[in-house]
Amino acid sequence: MSDTSVSASRVIAAEPQALFDLVADPSMHAVIDGSDSVRGTRGGSRKLGMGDRFTTSMRIGVPYLISNRVVEYEEGRRIAWAHLGRWRWRWEFVPVDGGTEVTETFDWSSSPARAYVTFAGWPARNRANIERTLERLDAYVTNKRSAT
């Protein structure tokens, strides 16, 4: 963690590729989002790749749309997207005993609004939301596995 990023990690009992594929499908973001601000994604289920764009329906107070572009990509290991504000949501997947260590990071180091992000209190709020997102991802994978 730095003064321009916050992150949290969790070991999830699943293969890195399976978790990567789930996060790389923007239609799943509303399912795992711990902030309850992601409402859905335009378009159907698809796997993102480097440079791909996707639009997300959001609601923080009022509904709005946000366009994102994949800006970091390493198949099965790392994916990140950014929007016009240039802050990034990065996911990393590292195999460990018992499954995969999944780390989600909110990184605003490349944003021209760095001071505003900090002043608005988003880092602390987003860290809590990241922890809830990792919990929801774990629960989704666990429930899906137990249903089969």
For the chain, calculate the relative contact order in percent as a whole number, restricting contacts to Cα pairs under 8 Å that are 6 or more residues apart. 29 percent
Per residue of the chain, what 222 nm ellipticity follows from adding -39500 (n - 2.57) for every DSSP H run with n ≥ 4, rounded to the nearest 500? -9000 deg cm²/dmol
For the residue pair GLU75 and ALA30, what label-to-label distance in nm results when each label sits 7 Å from Cα along the Cα-to-beta-carbon direction? 3.0 nm
20 Å tail of the calculated P(r), the chain, as % of Cα pairs: 46 percent
Choose one of SER7, ASN126, LEU65: the residue whose Cα lies farthest towards the positive end of the charge dipole of the chain (beta-carbon charges +1 Lys, Arg; -1 Asp, Glu; about the Cα centre). LEU65
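No value in this document is a laboratory result; all are computed from the given coordinates. This one's a predicted model, so the numbers in the text were calculated from it and none came from an experiment. Heads up, the Cβs are rebuilt from the backbone with ideal geometry, glycines too, and the neighbour counts pull from every protein chain shown.
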